[in-house]
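Notes to accompany the following structure.
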Amino acid sequence: MPYSANRKIIHVDMDAFFAAVEQRDAPELKGKPVVVGGTAEGRGVVATASYEARKFGVRSAMSAARAKVLCPQAIFVRPNFERYREVSRQVRDIFEKVTQKIEPLSLDEAYLDVTENRLGNQHATEVAKYIKAQIRSQTGLSASAGVSYNKLIAKIASDYRKPDGLTVVAPGHAAEFLDPQSVSVIPGIGPRAREKLVALGIDRISQLREMGEEQLKALFGKSGGWFYRAARGEDDRAVNPSSERKSLSVEDTFTIDLLEQEDLERELRRLCFKLSERLSKHQLLGKSLTLKVTYSDFTKVTRSATFIQHLVDPEDVLSKAVELLKKTKAGQQPVRLLGVGVSSFKGEELELEFPLQMEFWE
Ligand code: TTP
Ligand code: MG
């Protein structure tokens, strides 16, 4: 595999992004535990929490109800995606001053290839300092950055010291940087893969490095090959600013066919939340929703609708999907598969047609 340590890559990630924007815009929230997401009364989910709330163990993706138990004094705020997008665009403009090789991963995170850059500065560390300072002065927010010679290490480095961190890993220092860290810092090693590894006594990257490639592939399939290279700090993926997406969908085939309305809606809820999370992760805005149903006899139907507003809020997506579900025979005929998708990104503002992150989910 061609492998080069000649590139200079920066990964930038805003600190407690949604919560930081809320705290910036509402002084009464400053210094307080803030939870952005759904309500604790409903079945809402935490999008993110301010660092003050994280001290109590509040984390992204946990239920808002659980967050309230962990931190009863937390202030719950509903997300305001338009404002996050606005900040995201400002940050994007700062990146553009540095390079055109920008690969956003979400509203608050991007890779930059600064091997050559518009500042004419060979020192990637100084470039990263410049970016952080610009973000601070233009948005009033803080970001953390990782600087290295590939995307993998730059990403792990940006997460290494948060908030307001700057971590530089020069060629030749990857092993000493990675070895003591948990395997879970490797993108793609989620809770399930980590559990599998821990069961084998593998907890640190130094230990992961002792596993053979074939052994990892046997355990994790294609991802195993990635884990093998990642443990060595190897990653030759280019910073890729150009891919486009026209639609994004999620679907699930059930082990048992579903007939009860309650079961159908529960599964639909799960799918809509997953879809909404991925849409915001990839900064995609769409107005058309498609529901796909496969009945137990394998016949398929799809139902679509196009709306004036962008499909962003998971509860909104869900209520619209439920309306589409009513236009099918689901509930009268058993259902083996449900899918939901959003499309018509075309014609949306260009900067929102962002590439997909390379994913290695288990
Ligand atoms: P992250 O960068 O993962 O988190 P963060 O910026 O809040 O905190 P950190 O300082 O650790 O980087 O995600 C960016 C935003 O994306 C986050 O503010 C809210 C949103 N988000 C969700 O809506 N759901 C999620 O599960 C996650 C992880 C993030
Ligand atoms: Mg962040």
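The values are calculated or read from the model by the stated rules, or taken from the named source; none is laboratory data. Everything quoted here is computed from the prediction, not taken from an experiment. A quick note on method: Cβ atoms are made from the backbone with ideal geometry, for glycine too, and the neighbour counts reach across all protein chains shown.
Points worth noting:
- Residue check for V21: part of a strand (DSSP E or B) and either surrounded by 15 or more Cβ atoms within 10 Å (Cβ to Cβ) or acidic (D, E) (or both): no
- Some residue of segment 149-171 being of a type in the set (A, V, I, L, M, F, W, C), modelled with pLDDT under 95 and either within 16 Å of ligand 2 (Cβ to nearest atom) or not in a helix (DSSP H, G or I) (or both): no
- Residue count for segment 135-148, restricted to those that are under 23 Å from N6 (Cα atoms) and in a helix (DSSP H, G or I): 0
- Set V36, V98: member being within 28 Å of A124 (Cβ to Cβ) and surrounded by 17 or more Cβ atoms within 10 Å (Cβ to Cβ): V98
- Any hit, segment 89-98, residues being within 16 Å of ligand 1 (Cβ to nearest atom) and over 16 Å from I10 (Cβ atoms): yes
- Pairing each residue of segment 61-75 that is in contact (Cβ under 8 Å) with a residue 24 or more places away in the chain with any residue that is among the small types (G, A, S), provided the two are 6+ apart or on different chains, yields C-beta distances under 6 Å for A64/G37; A64/G38; A64/A40; A64/G44; A65/A40; K68/A40; C71/A53; A74/A53.
- Lone unmet requirement of (1) assigned to a helix (DSSP H, G or I); (2) modelled with pLDDT of 95 or more for V12: (1)
- Test: residue in segment 302-312 that is polar (S, T, N, Q), at pLDDT 75 or above and buried (at least 18 other Cβ atoms within 10 Å of the Cβ): no
- The numbered conditions (1) within 13 Å of ligand 1 (Cβ to nearest atom); (2) surrounded by 23 or more Cβ atoms within 10 Å (Cβ to Cβ); (3) among the hydrophobic types (A, V, I, L, M, F, W, C) are all true for A154 except (1).
- Inter-residue pairs, beta-carbon under 7 Å, first under 14 Å from N80 (Cα atoms) and in segment 38-54, second among the hydrophobic types (A, V, I, L, M, F, W, C) and modelled with pLDDT under 90, 6+ apart: G38/V45; V46/A61
- Each residue in segment 109-141 was checked for being surrounded by fewer than 18 Cβ atoms within 10 Å (Cβ to Cβ) and within 13 Å of ligand 2 (Cβ to nearest atom), and 0 of them qualify.
- Taking the criterion of being touching a residue at least 40 places away in the same chain (Cβ under 8 Å) and under 18 Å from E52 (Cα atoms), the residues of segment 160-175 that qualify are K162, P163, D164.
- Checking each residue in segment 45-59 for being in a loop (DSSP other than H, G, I, E, B) and within 9 Å of ligand 1 (Cβ to nearest atom) picks out S50, R59.
- Any hit, segment 252-272, residues being without any contact (Cβ under 8 Å) to a residue 12 or more places away in the chain and aliphatic (A, V, I, L, M): yes
- Within segment 60-72, the set of residues being over 17 Å from M14 (Cβ atoms) and part of a loop (DSSP other than H, G, I, E, B) comprises A61, M62, C71, P72.
- Within segment 1-58, restricting attention to residues that are among the aliphatic types (A, V, I, L, M) and away from ligand 2 (no atom under 16 Å from the Cβ), the residue that is nearest to D159 (Cα to Cα) is I9.
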